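Structure first, then comments.
The values are calculated or read from the model by the stated rules, or taken from the named source; none is laboratory data. Here the structure is a predicted model, which is why all the values come from computation and not from measurement. FYI the Cβ positions are ideal-geometry reconstructions off the backbone, even for glycines, and counts take in every protein chain you see.
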Amino acid sequence: MAIDFSLSETQREIQASAADFAARFLAPLAAKIDQIPDAWESFLATREAYREMAHAGFTRAFIPEAYGGLGFSMVDFAIASEELARVELNVPTTLLGTGLGLQPIIQLGTHEQKERFLSDFAADEEGDLLASFAFTDVAGGANYDTNLAPAGIQTIARREGDQWVINGQKHYTTNGTGWDKKGAHLYTVVCRTDKNKGADESLAVIVVPGNTPGIEVVSVYDKIGHRGVATPAVNFTDVCVPIDNMIGQAGDGKAITSRAFSWTGGLIGAACVGVMRAAFEHALEFARTEKRLGAVPVIEYQNVGFMLTDIKMNIEAARYLTWKACHDLDASGGSSEETAIMAKIYCSELAVKTVYDAMQVVGVESYIKDAPFDRLMRDAMVFPLYDGGNRGIRRRQIHEMMKSPDYDSMRAAHGRYGSGK
Ligand SMILES: Cc1cc2nc3c(=O)[nH]c(=O)nc-3n(C[C@H](O)[C@H](O)[C@H](O)COP(=O)(O)OP(=O)(O)OC[C@H]3O[C@@H](n4cnc5c(N)ncnc54)[C@H](O)[C@@H]3O)c2cc1C
């Protein structure tokens, strides 16, 4: 039986323990975060739940067993992510930020780099350590891969002897504050080694320990949603690290970034499913219990029943695309990116639409401040915009694959992963 969507016993346990964790530690936070006026204080309000997440093992789940982690598969992690995101998004997103920051090392680092940089995180039982993917320059992110130098990433790593000297200004560096505003435990910095060379020759990813002199957390942005996630601006001024902190070599930066964003793409698909589920559950409950001056609960009206049917179909479709994307990443060792990118695009845009569809089922009652839709909509709106925006980056990635003469449109469907995309 080649295609099988049934969950293993272990996966059911992961699902149940994530749902239990979310009910106990995330549910109380969900409403509280938005009541806190200051963005930094909102982030600090998540600290205890993040610690509990570390106690529960989730913060080490994605680190390979060989390096001290729990070695969850992508499908396992997606199953857990859906349960967490259904209840609250800030704490899981902080974990996603650390996962994204470590992906370049996990996926394409050498054995020595993995041992050097992952061991602290594998041993971190209190959730003290945060990693950060410093990709987005203050001046932009979408054109990180252009070959039309000097356009492109403006964060530059200059070689001086046996060191890289890094200068640049990043922002939206999730977790870049650490828990104390002094910086993350580790950054993976997307930069170029030569301002006059395009991405194919010069784009690179360099690991920078957070205590390296020259790193400055400049400000912490407040946002429409995800207010308990720390997204600061971080400056790198003459930051020196050994040359062997580079992952791969100059010119590998595009592939490394793409692989890291495919990992998050699959998991964001799962988070979107969690948010859609929450919106659906609220709308279904309303429809089954509210008559709105009529003689029968509004679910009896075809208008409402059909809308709920459409929402439910969309949720199921999004979940199975996500699981397939995660399965593809598991089966290909992270190299099969097409379905992961599609899951990110499809589920993120569907999540925004679905929350609004659910609001239409509920009607005007959905629009008051303490109804859950306020938070769900504000949180959902970032899904298409972040983690490589769907317009500036994600669709371009798929477009580029399709332009390639060896593009195989049935590769994912047939599970022909090979060694490339
Ligand atoms: C909550 C949150 C967390 C984040 N976490 C991180 C993080 O941990 N690390 C990090 O580095 N970044 C992070 N980001 C930033 C995020 O990844 C952005 O999606 C990414 O940096 C690109 O931004 P952008 O797509 O808006 O591109 P921009 O470069 O700002 O482009 C803006 C817009 O211009 C258009 N555009 C530009 N160039 C093109 C093009 N070539 N083709 C088509 N359209 C184009 C598109 O419409 C695009 O949306 C985060 C953002 C948020 C809100």
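Of the residues making up the range 114-165, just one is part of a strand (DSSP E or B) and on the phi > 0 side of the Ramachandran plot, namely 140.
Of all residue pairs spaced 6 or more apart or on separate chains, those with beta-carbon atoms under 8 Å, a first member in the range 166-193 that is at pLDDT 95 or above and a second member that is of a type in the set (Asp, Glu) and within 13 Å of the ligand (Cβ to nearest atom) are 168/137; 169/137; 170/137; 171/137. Can you find a residue in the range 225-233 that is closer than 22 Å to residue 385 by Cα, in contact with a strand residue (DSSP E or B) (Cβ under 7 Å, 6 or more places away or on another chain) and either without any contact (Cβ under 8 Å) to a residue 40 or more places away in the chain or in a helix (DSSP H, G or I) (or both)? The answer is no; no qualifying residue exists.
Can you find even one residue in the range 365-386 that is assigned to a helix (DSSP H, G or I), away from the ligand (no atom under 14 Å from the Cβ) and within 20 Å of residue 75 (Cβ to Cβ)?
Checked against the condition, which is being assigned to a helix (DSSP H, G or I), away from the ligand (no atom under 14 Å from the Cβ) and within 20 Å of residue 75 (Cβ to Cβ), the range 365-386 yields no hits at all.
Taken over the range 274-299, the residue count meeting the criterion of being surrounded by 14 or more Cβ atoms within 10 Å (Cβ to Cβ) and not basic (Lys, Arg) is 15. In the range 387-407 there is no residue that is under 27 Å from residue 135 (Cβ atoms), at pLDDT 95 or above, in contact with a His (Cβ under 9 Å, 6 or more places away or on another chain) and within 16 Å of the ligand (Cβ to nearest atom). For residue 140, state whether it is free of Cβ contacts under 8 Å to residues at least 24 places away in the same chain, more than 19 Å from residue 241 (Cα to Cα) and either away from the ligand (no atom under 16 Å from the Cβ) or not aliphatic (A, V, I, L, M) (or both). Yes: the conditions hold for residue 140.
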